[in-house]
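Colleague: Below: one structure in structure tokens.
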Amino acid sequence: MNRIVNRHLAIALTAIIAGAAACGHADTAPPYQKIPVARRDIVVTATASGVIQPILTLSVKSKASGEILAMPVQTGDEVKKGQLLARVDPRIPQNNLTQAEANLAVAKAQLDNATAQLKRSEALFQSQSITQAGYDSAQLASATARAAVATAQANLQTAKDAMEDTQVRAPITGTILEIDAVLGTVISSPTNDVGGGTVILKM
């Protein structure tokens with residue numbers, strides 16, 4: 001009889017302890033948080049390795065041929081449009097510029113002389129001191145002298161441009177990616193080289 005009672009007591013105690021544990025667990029369970037539905041941004045971060053390639057690569061060449069005397073930039077430099085990248089030996093362009101200036105001076109002197117001669121011929125023709133052929137010759141000489149001045153002025157501008165071309169400047173704002181020529185390199189102009197000219201640097 002006592003064994004039966006003890007067994008019933010043990011079962012009852014076990015049930016009480018289990019119930020108490022269940023109640024305790026229920027009391028400590030975190031409550032659910034109610035959040036209203038709304039549109040939100042999701043930030044996704046990705047990590048990868050690779051080589052960054054520029055969208056545009058520009059090969060810089062010189063319009064002037066000759067030896068590179070200066071290059072004040074290095075790989076990785078940030079440069080602005082118009083900034084000096086390299087300087088080419090200017091001796092030949094400078095000589096051509098000096099000659100063009102002299103030629104223009106001579107052409108202007110010849111024009112002044114032809115103009116004065118034409119005025120004298122006009123007066124002589126009016127007084128019938130010279131023939132029509134003589135007057136026509138004076139007019140032709142004046143026109144030829146004017147054309148010579150125009151040609152000399154054009155040649156002078158070409159010489160000035162060639163002199164300016166010895167200063168290689170950045171065509172755009174960007175970064176120096178690669179140096180392809182060094183000091184002392186004799187480069188060729190793309191206008192004179194069927195191969196397209198020498199690449200000085202890339203940016």
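To keep it simple, each residue is scored yes or no on (1) under 14 Å from the mean Cα position of the chain (by Cα); (2) within 18 Å of residue 187 (Cβ to Cβ); (3) surrounded by fewer than 14 Cβ atoms within 10 Å (Cβ to Cβ); (4) touching a residue at least 12 places away in the same chain (Cβ under 8 Å).
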| site | (1), (2), (3), (4) |
| --- | --- |
| 60 | yes, yes, no, yes |
| 64 | no, yes, no, yes |
| 81 | yes, no, yes, yes |
| 92 | no, yes, no, yes |
| 95 | no, no, yes, no |
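Colleague: Now for a separate question. Answer yes or no as to whether residue 142 is among the hydroxyl-bearing types (Ser, Thr, Tyr), surrounded by 15 or more Cβ atoms within 10 Å (Cβ to Cβ) and not assigned by TED's automatic domain parsing to the domain that holds residue 188. Even if it seems obvious, please write down each step before you answer.
Modeller: Working: among the hydroxyl-bearing types (Ser, Thr, Tyr): yes; surrounded by 15 or more Cβ atoms within 10 Å (Cβ to Cβ): yes; not assigned by TED's automatic domain parsing to the domain that holds residue 188: yes.
So residue 142 passes the test.
Colleague: Can you pull out every residue in region 188-203 that is of a type in the set (Val, Ile, Thr) and either within 19 Å of residue 90 (Cβ to Cβ) or part of a strand (DSSP E or B) (or both)?
Modeller: 191, 198, 199, 200 - these are the residues of region 188-203 that are of a type in the set (Val, Ile, Thr) and either within 19 Å of residue 90 (Cβ to Cβ) or part of a strand (DSSP E or B) (or both).
Colleague: When region 149-183 is examined, which residues are found to be more than 30 Å from residue 115 (Cα to Cα), out of contact with any Gly (no Cβ under 8 Å at 6 or more places or on another chain) and of a type in the set (Val, Ile, Thr)?
Modeller: As a first pass, look at region 149-183 and keep what is more than 30 Å from residue 115 (Cα to Cα): 161-183.
Among the residues that remain, those that are also out of contact with any Gly (no Cβ under 8 Å at 6 or more places or on another chain) are: 161-165, 167-168, 171-174, 177-183.
Within region 149-183, 168, 172, 173, 179, 182 qualify.
Colleague: Now for a separate question. So the check is Cβ under 8 Å with 6+ separation or different chains; which pairs have a first residue in region 99-121 that's under 13 Å from residue 149 (Cα atoms) and part of a helix (DSSP H, G or I) and a second one that's of a type in the set (S, T, N, Q) and at pLDDT below 95?
Modeller: none
The values are calculated or read from the model by the stated rules, or taken from the named source; none is laboratory data. Since the structure is predicted, the reported quantities are computational estimates derived from the model, not experimental observations. Glycine gets a Cβ as well: all are built from the backbone with ideal geometry, and neighbour counts include every protein chain shown.
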